[in-house]
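Written below as C-alpha cells is the structure these notes are about.
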Amino acid sequence: MIEISLGKLVLLALVALIVLGPEKLPHAARTAGALVRRLRSGWDSVRAEVERELEIEELKRTAREAAARAEAAQAEVNNVMRQTREQVATTAAEAKDSIAEVQHDITQIDAPKESSHGSA
C-alpha cells in the first residue's frame, strides 16, 4: 500500500493542525482513521474474494482433469473388455471346431468296428 515515512507523517500532522486547528483535529483524525480502516477492510474482502474465486477455478480445473482421466480409463476398460470378448468368442469357436473334429475322428474310428461286428 502507501508508505509514509515518519518525516512526511509529522509534516502532515503540522499542516492538519494549522488548517483545522486544535479543536477540529481530533475529530478529523478519528474520521481519517475510520476511513483508513474501511479502505483496509474493503481491500481485504476484495482480496479474499479473489482468492476464493481462484481456489474455485483451481478446483474446477482439477475436476475437469479428473473427469478426463476417468473417461480415458473407462474407454480403456471398454476396449479391453471388447478385445476379451472377441478372444473368448474366437477361442470358443476354435474349441467347437476341435470338438467337432474329435467327434468326427471318433465316428471314423468306431465305423470300421461296427461293420466288422455286423459281418461276423
(request) Might you report the magnitude of the Cβ-based charge dipole of the chain about its Cα centre, with Lys and Arg at +1 and Asp and Glu at -1, to the nearest 20 debye? (result) 1580 debye
(request) Towards the positive end of the charge dipole of the chain, with charges on Cβ (+1 Lys, Arg; -1 Asp, Glu), say which of Ala48, Gln83, Ala63 has the farthest Cα. (result) Ala48
(request) Using 0.36 nm per residue of separation minus the Cα-Cα distance, give me the extension gain between Ile18 and Leu6 in nm, one decimal. (result) 2.5 nm
(request) Sum -39500 (n - 2.57) across every DSSP H segment of at least 4 residues in the chain, then divide by the residue count to get the 222 nm mean residue ellipticity, nearest 500. (result) -36500 deg cm²/dmol
(message) Between helix 6-119 and the chain, what is the angle of the helix's C-alpha long axis to the longest principal axis, kept within 0 to 90° and rounded to the nearest 10?
(response) 0 degrees
(request) Identify which of the listed values of semi-axes √(5λ) of the Cα gyration tensor in Å was calculated from the structure shown: (1) 18, 17, 15; (2) 23, 15, 15; (3) 101, 10, 6. (result) (3)
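Where a number appears in this text, it was derived from the coordinates with a stated rule and is not lab data. Small disclaimer: the values here were computed from a predicted structure and weren't measured. A quick note on method: Cβ atoms are made from the backbone with ideal geometry, for glycine too, and the neighbour counts reach across all protein chains shown.
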